[in-house]
Amino acid sequence: MNKVVKSIKEAITLCGLKDGMRISFHHHLRNGDHVINMVMEEIANMGYRDLTVNASSVFDIHAPLITHIKNNVVTGLEVNYMGAAVGREVSSGIMQKPVDFRSHGGRPSDIENGKTPIDIAFIAAPSSDNMGNCSGKYGKSACGSLGYAFVDAMNAKKVVVITDNLVEYPLYDFSIQETYVDYVVCVDKIGDPTGIVSGTTKITRDPVGLMMASYATKVIQSSGLLKDGFSFQTGAGGASLAVAKYLKDIMLKENIKGSFGMGGITSYLVDMLEAGCFETLMDVQCFDLRAVQSIRDNPRHREVTASHYASPSAKSAIVDNLDVVILGATQIDTDFNVNVHTDSNGFIMGGSGGHSDTAAGAKLTMIVAPLTRARLSIVVDKVLCVSTPGNTVDVLVTQRGIAVNPRRGDLKERLLASGLPVVDIHDLKRIADGITGVPKEVKLGSKTVANVIYRDGTVIDKIKNTL
Amino acid sequence: MRRSMLFMPGNNSGMLLNADALGADSVILDLEDAVSPQEKDSARILVRNALKYLGYKGCEVIIRINSIDTDFWKKDLDEIIPMKPDMIMPPKVSSGMDIKVIENYMGEVERRHGIEKKISLIPLIETALGVENAFEIASSSKRIKAIFLGGEDLTADLRCKRTKQGDEIFYSRGRMVMAARAAGIDVYDTPFTDVEDEEGLRLDAEFAKGLGFTGKACISPRHVQSVNEVFSPTLEEIEYATEVMEIIQVAKEQGKGAISLRGKMIDAPIVERARQTLEAAKALGGAF
């Protein structure tokens, strides 16, 4: 038996694709991914229409989707994150049906529960054998973890693995196993390595970013959570990386043995693992080459599935055991609701990803953001889109002070006792408005272009079209 | 209390926006070396507007104007003085006469705008002549609240290499501290210029503190925290100073002329230092 077929077209035909079906993709190749574009181009050429694309994320490289949407090849879009290139078009109202945004935990939950059944999953795999045992750890397009793809493989009616590194059977260190896979296609190139992972992720040199990182680190220290057994997640932004570095220094100095680092793994979390700050890294996605190397070579660096990471319907998930998560925001309102879906003009340029999942799970959810960005305050009276509800957000750290959610009076007391500059969030808004002036209200249209589906299944916000 | 003075280029709006949020006790908004001659006018307007609209509530604001041998310094003062900054820093000051020239024009601008408060001065001394005239400069005007040593220009004037070790400015540092203290004012050390070398910065700052400097200028926000830490009294120093003041009180009550603490005689200079330490600790209010 051999599952290898000669082309994507043949795989599509063999899978029995029909108009109106739901097909899925993962985003581990990020802005270097060629697979969505290759598959969609083939599907369009074959004359299919009215498909729903369920992708864990779409990036700017996926701008050809816009044409497929305009030609009615794609009429449904379900994502956890959407880059600005596609987002801008969606915001302008090119789709008849609103986009459904889920979180990284909500997506696998809805696939497993049958709310969004996948007809065909196309799984980009940096290495695969002829039976579909596949991995992201090896090959010229290596991306490390394949965490987001497991749910697709395990639940889709048909599964196609697309690789550019076909290896001898069996690929012993597989992530996704052959039992789920129907067909394997070998192509020249599944992606551009420079867009898949960055060579290095670097700490910011921006003094404001470093200032915020220093405050964020002190907040963690003062919270009482930084002790043996500590668990932590942070992103790949420059200021987040600085927090990881500062935390590492403190943990080593004070001999604190943490439990696990979660992510979105970067070289800085790998450094913390190797220095003994954590027992293990739980990796749903690698952000840089060091992380890819580490997940390949270090048994304490574990690949985890998106469900294990954050599914709200799993019997338990890692986010529920997180002590501290550091997150960003494009806007935060005085009720601590956070927007990571749209920019200040209302255009889609992001998505929750794991934002709302980790915020709900972590004991301390911290938003780190500069008080003003591009002449606008990030603190507003009401966010243009609620991505993460304010009752799951504990602290906002800016360069001009730290605002604590009134629900966390205990934390406020601790921060004040540590001499940190705690400021009421309304005062932060006043300070920002004093610098930037009060911007005119953004006028949006009446058409819903996207639903923001919270991890519990409720639609917490509807994104309207831009004018 | 002024421990750190952070240089910020006057032509960078992004940096001016956050200048007071970086932890420095003072920021020096620079119209001189950081700004090319073609940009002098735009930087002057930008700094004026920053003072007017941003307020800088978080820290003291010092403006470094251009030196009096240029065509720019009067225009700098014309624009800046109406905004009432805390201090003006004239560069390349070499004599008391330089100060008189600047002071006279400042007075003229202040009168023109009906500003009653005399704006203070912190002369930047960075020439061989300036160092030799340090006391004359320091005592030349009541506006002068501190003097500041500029090591880079000075070593060019001395025709020697500027090193991390700083042996070449050792005499100048000592001379500056002596002059400032004799005139009863504060004195600030030249910045440490290797942004990446945290350890070198700390050693350089500790050395300057040991010589008697009040604080140190920084060219990078990344240096501010270390400089603040070095020039703040330590908890041990505060504890010791508190004990000194307590035992002196006891000595007074018991009518003793001399008293010892931890096996050492407590005399007037020790009491004075203890008083200064506690004063600094009080001024910082725990923010160190």
Query raised in the report: Considering only Cα-Cα distances, which of the following residue pairs are longer than 26 Å: B:Lys75/B:Lys164; A:Lys248/A:Lys412; A:Lys363/B:Lys57?
Result: B:Lys75/B:Lys164; A:Lys363/B:Lys57
Report task. With 10 Å bins from zero, work out the P(r) of the stretch A:20-170 over every alpha carbon pair and list the percent per bin. Result -> 12, 43, 36, 9, 1
Query raised in the report: If you take the charge dipole of the protein assembly as shown about its Cα centre, with +1 on Lys and Arg Cβ and -1 on Asp and Glu Cβ, which of B:Leu6, A:Ile162, B:Met178 is farthest toward its positive end?
Result: B:Leu6
Requested in this report: Provide the gained length on full extension for the span A:Leu467 to A:Lys9, in nm with one decimal, where the gain is 0.36 nm per separating residue minus the Cα-Cα distance.
Outcome: 161.0 nm
Report task. Note down the magnitude of the dipole of the stretch A:113-180 about its Cα centre, charges +1 on Lys and Arg C-beta and -1 on Asp and Glu C-beta and zero elsewhere, to the nearest 20 debye. Result -> 240
Query - Cα lying deepest toward the dipole's positive end in the stretch A:280-386, options A:Gly328, A:Met282, A:Gln293, charges on Cβ - result: A:Gln293
Query raised in the report: When chain B is treated as a GNM, springs tying every alpha-carbon pair under 10 Å, which of B:Leu261, B:Leu54, B:Leu158 comes out with the largest mean-square fluctuation?
Result: B:Leu261
Query raised in the report: What percent do you get for the relative contact order of chain A when only Cα pairs under 8 Å and 6+ apart count?
Result: 16
Query raised in the report: Nearest 20 debye, what's the magnitude of the dipole of the stretch A:207-442 about its Cα centre given +1 on Lys and Arg Cβ and -1 on Asp and Glu Cβ?
Result: 260
Query raised in the report: Where does helix A:207-223 land angle-wise versus the long Cα axis of chain A, in degrees 0 to 90, nearest 10?
Result: 80
Query raised in the report: Cβ under 10 Å from A:Ala124's Cβ, A:Ala124 left aside: what net charge do those residues give with Lys, Arg +1 and Asp, Glu -1?
Result: -2
Report task. Give the distance, in whole Å, between the Cα centre of the stretch A:355-430 and the Cα centre of the stretch A:36-76. Result -> 38
Report summary line: Charge tally for neighbours of A:Asn165 with beta carbon under 12 Å away, counting Lys, Arg as +1 and Asp, Glu as -1, is -1
Query - Positive-pole candidate from B:Tyr53, B:Leu158, B:Thr193, dipole of the stretch B:4-230, charges at beta carbon - result: B:Tyr53
Requested in this report: Relative to the longest principal axis of the C-alpha atoms of chain A, give the angle of the C-alpha long axis of helix A:425-436, reported between 0 and 90° and rounded to the nearest 10°.
Outcome: 80
Report task. Mind giving me the nanometre distance, one decimal, between the label points for B:Tyr105 and A:Glu441, set 7 Å out from Cα along Cα→Cβ? Result -> 5.2
**Report entry** Net lengthening on full extension, A:Asn45/A:Thr179 (0.36 nm per residue, minus Cα-Cα)
**Finding:** 45.2 nm
**Report entry** Residue among B:Pro191, B:Pro91, B:Pro269 with the largest mean-square fluctuation in a Gaussian network model of chain B, springs linking Cα atoms under 10 Å
**Finding:** B:Pro269
Report task. Using a Förster distance of 25 angstrom, determine the FRET efficiency expected from the C-beta separation of B:Met97 and B:Asp167, and round it to 0.05. Result -> 0.20
Query - At 0.692 mPa s and 37 °C, Stokes D of the stretch B:4-230 from Kirkwood alpha-carbon radius, µm² per second - result: 188
Report summary line: Once the in-chain neighbours fewer than 8 apart are removed, the lysines whose Cα is under 25 Å from A:Lys3 read A:Lys18, A:Lys137, A:Lys140, A:Lys157, A:Lys158, A:Lys189
Query - Whole-Hz couplings from phi, Karplus 6.51/-1.76/1.60, listed for the stretch A:358-370; x for Gly and Pro - result: 5, 4, 5, x, 6, 6, 10, 9, 10, 9, 10, 7, x
Query raised in the report: Using the Kyte-Doolittle scale, which helices in chain B average at least -0.5 and also have C-alpha atoms spread 18 Å or more along the helix axis, with helices defined as whole DSSP H runs?
Result: B:40-54, B:170-183, B:198-211, B:235-253, B:268-284
Report summary line: Whole-Å distance linking the alpha carbon centroid of the stretch B:99-150 with that of the stretch A:452-467 is 62
Query - Rounded to 5, the percent of DSSP beta bridges in the protein assembly as shown classed as antiparallel - result: 20
Query raised in the report: Which distance in nm do the two modelled labels at B:Asp69 and A:Ala374 give, with both placed 7 Å along the Cα-to-Cβ direction?
Result: 4.7
Requested in this report: Return the sequence-ordered ³J(HN,Hα) values of the stretch B:21-37 in whole Hz as given by the Karplus equation 6.51 cos²θ - 1.76 cosθ + 1.60 applied to θ = phi - 60°, using x for Gly and Pro.
Outcome: 10, 9, x, 7, 5, 9, 10, 9, 7, 9, 9, 9, 5, 6, 10, 6, x
Report summary line: The answer for trypsin sites (Lys or Arg not before Pro) in the stretch B:1-107 that fall in a DSSP coil and have at most 12 neighbouring Cβ atoms within 10 Å is B:Lys57
Query - Label point at A:Tyr169 placed 7 Å out along Cα→Cβ; residues across the stretch A:1-35 whose backbone nitrogen lies under 11 Å - result: A:1-4
Query raised in the report: What nm distance separates the two modelled labels at B:Glu196 and B:Leu211, each placed 7 Å from Cα along Cα→Cβ?
Result: 2.6
Requested in this report: Return the sequence-ordered ³J(HN,Hα) values of the stretch B:136-147 in whole Hz as given by the Karplus equation 6.51 cos²θ - 1.76 cosθ + 1.60 applied to θ = phi - 60°, using x for Gly and Pro.
Outcome: 4, 5, 4, 9, 7, 7, 6, 5, 6, 9, 6, 10
Query raised in the report: Mind checking the dipole of chain A: about its Cα centre, +1 per Lys or Arg Cβ, -1 per Asp or Glu Cβ, Debye to the nearest 20?
Result: 840
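FYI, it's all coordinate maths here, none of it is from the lab. Quantities reported herein were computed from a predicted structural model and do not represent experimental measurements. Note: ideal-geometry Cβ built from the backbone for every residue, glycine included; neighbour counts use all protein chains shown.
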